[in-house]
Amino acid sequence: MTLLCRVVKWIGMGSVKGGAKATLGSMRIRRISKLLILLPLLLCTAVQQQRDPEKDTRAILQANYLYNIAKLVEWKDTSMRSGNFVIGVLGNVNLYQELIKQYSTRSIGSQSIEVRKLPRSAQVERCHILFVGRTELALLPDIYKNMKTQPTMVVTEYSGALDDGAVVNFVEVDNLLKYELNMANARGHGLVVGATLKNLAHRVEE
């Protein structure tokens, strides 16, 4: 129950017995007066607890990175060069919404971008890019195992991800969002990484 709901319930609490009928009205008036004083603070708290996708700068930057990274990588598997260019998102609703809003009408080469919100499972459907958010890190050991031979770029956002099997990992450096890259993992997934993508990376593991 939210704080606001508790306060509203508090206003209506109490039963009417005997002489209490005479004072019930004044008690409720006093409680309503207190609520009117508290209401602006309660509303501000409720608004702050909701994460506004349009103001989530991390999600905005990550979506932009994913789009530009996709343009600088070649998928050697010929089956990945036809149909839609699929970006799967596991966790991170704001990133998914940002990708839908800004990039779902764009293309990578001749392939239209398709953004999918994936169910919480280590059995991930085939996609060009798979982003796994912080809330789903427990699934990653099995995801790495299942995707090891798949032509999918696994992207995530935690320390040590490149050593575990990620191709791209987002990191914060001096309060700036950057990415690091593992070339061996990229080759293992049949990905050819362009020189520009390597040059712009914060760190590259060969």
Please pick out the residue among P141, P119 that is under 15 Å from the mean Cα position of the chain (by Cα) and of a type outside the set (D, E). P119
For the condition in the same structural domain as N169 (by TED's automatic domain parsing) and more than 25 Å from N175 (Cα to Cα), what is the one hit in L95, L66, L61, L140? L140
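For region 70-89, enumerate the residues that are assigned to a helix (DSSP H, G or I) and among the hydroxyl-bearing types (S, T, Y).
Hits for region 70-89 are T78, S79.
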Answer yes if at least one residue in region 95-108 is over 15 Å from the mean Cα position of the chain (by Cα), more than 23 Å from K178 (Cβ to Cβ) and modelled with pLDDT under 95, and no otherwise. no
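Which residue out of L200, L130, L162, L118 is surrounded by 13 or more Cβ atoms within 10 Å (Cβ to Cβ) and either over 17 Å from I69 (Cβ atoms) or outside the structural domain of M80 (by TED's automatic domain parsing) (or both)? Full working, then the answer.
Working: L200 fails: either over 17 Å from I69 (Cβ atoms) or outside the structural domain of M80 (by TED's automatic domain parsing) (or both); L130 fails: either over 17 Å from I69 (Cβ atoms) or outside the structural domain of M80 (by TED's automatic domain parsing) (or both); L162 fails: either over 17 Å from I69 (Cβ atoms) or outside the structural domain of M80 (by TED's automatic domain parsing) (or both).
Exactly one residue qualifies, and that residue is L118.
What helices (runs of 4 or more DSSP H) completely inside region 90-203 contain at least 2 residues that are within 25 Å of D56 (Cβ to Cβ) and among the polar types (S, T, N, Q)?
93-103
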Among the numbered criteria (1) surrounded by 15 or more Cβ atoms within 10 Å (Cβ to Cβ); (2) closer than 17 Å to S79 by Cα, which single criterion is violated by G109? (1)
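The values are calculated or read from the model by the stated rules, or taken from the named source; none is laboratory data. Everything numeric in this text was worked out from a predicted model, so none of it was measured. Every residue, glycine as well, gets a Cβ built from its backbone with ideal geometry; the counts of neighbours run over all protein chains shown.
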